[in-house]
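Quick notes on the structure that follows.
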Amino acid sequence: MLETLSRELEVDSRDVYDSISLLEKTGVALMQRALKSRGYGKVEGVDFPGLQEESAEKIIVSLEKEIGLDSKGEISLWVRTQFIRRHIHTIMLDPEKNREMLLDAKRWADHVLIAMRILSYPYGYVRDNPTFDRFGETVERLLEDKLNHAIPPYSRRAALVKYGVPVDLSEYVQDGKIKPGDIENITVQSRDKVQKLVNELRKDSPYPGTKLYIKTKSS
């Protein structure tokens, strides 16, 4: 799957000697493809985290300028995508009133979704712990992002369930509302808690997906 996807994206694999490097280069190529197909310039000369941030920021700044939104000094790119999405939803929830803006709003929605996808790529997720599960799910995600729809699992699945402690939202709620700036903190907390539970499940799992996956060109 990965080799097919990398060929379709014309990834130069001559200096790639392991599957994880090929996975990362394919992810970069997919980000560049998403930018190009939506009229944004190519981002070059930076490492993966820098490329990730610069690619998303390129889209976000363009949308803010076109829509006429002020980021109000907010430095979190994720929070800025939420501002943009809320504005788009306001337009689309009243199609009669905003009839002339609907086509633009749909295009904006597509672009901000791409920015969110780029920001959500977890750098180091596979390289830090290269298991079969992590490698496989990342390949699946890249393929889904390319096709823009979900794909069937590439193998049989086993469901393991573990309940954790929920995130306490009371410290974030004021007058019945959560401040926009706290949404990212809640998201990070939730993601970290879920990942911790997943790691605990994998530690005790009898399935081969938790085993380390390392494959080089010579293997």
Q: Search the range 57-79 for residues that are over 14 Å from MET116 (Cα atoms) and pair each with any residue that is among the hydroxyl-bearing types (Ser, Thr, Tyr) and modelled with pLDDT under 85 when their beta-carbon atoms are under 9 Å apart and the residues are at least 6 apart or on different chains.
A: GLU64/SER71
(Q) Looking at the range 70-98 only, could you name the residues that are within 23 Å of the chain's Cα centre (by Cα), part of a loop (DSSP other than H, G, I, E, B), surrounded by 14 or more Cβ atoms within 10 Å (Cβ to Cβ) and not charged (D, E, K, R)? (A) SER71, SER76
**Q.** Flag if SER21 is assigned to a helix (DSSP H, G or I) and without any contact (Cβ under 8 Å) to a residue 12 or more places away in the chain
**A.** yes
Q) List the pairs whose first member sits in the range 194-209 and is under 18 Å from PRO122 (Cα atoms), whose second member is of a type in the set (D, E, K, R) and not in a helix (DSSP H, G or I), and whose Cβ atoms are under 6 Å apart, counting only residues at least 6 apart or on separate chains? A) LEU197/LYS162
Q: Restrict the check to the range 45-65 and report whether at least one residue is among the β-branched types (Val, Ile, Thr), surrounded by fewer than 18 Cβ atoms within 10 Å (Cβ to Cβ) and in a helix (DSSP H, G or I).
A: yes
(Q) Checking the conditions here, which among LYS177, LYS203, LYS215 is surrounded by 11 or more Cβ atoms within 10 Å (Cβ to Cβ) and either out of contact with any Asp or Glu (no Cβ under 8 Å at 6 or more places or on another chain) or modelled with pLDDT under 80 (or both)? (A) LYS215
Q) So which of MET31, MET101 is farther than 27 Å from THR138 by Cα and either part of a helix (DSSP H, G or I) or of a type outside the set (A, V, I, L, M) (or both)? A) MET101
(Q) All but one of (1) surrounded by fewer than 18 Cβ atoms within 10 Å (Cβ to Cβ); (2) at pLDDT below 85; (3) closer than 30 Å to PHE132 by Cα hold for VAL16; state the number of the condition that does not hold. (A) (1)
Q) Out of all the residues in the range 47-65, which are closer than 16 Å to GLN32 by Cβ and either of a type in the set (Val, Ile, Thr) or touching a Pro at 6+ places or on another chain (Cβ under 7 Å) (or both)? A) ILE59
(Q) Given (1) at pLDDT 85 or above; (2) over 18 Å from the mean Cα position of the chain (by Cα); (3) farther than 28 Å from MET101 by Cα, identify the lone condition not met by ILE67. (A) (3)
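The values are calculated or read from the model by the stated rules, or taken from the named source; none is laboratory data. For clarity, every value in this text was computed on a predicted model and none was experimentally measured. Neighbour counts run over all protein chains shown; Cβ positions are idealised from the backbone, glycine included.
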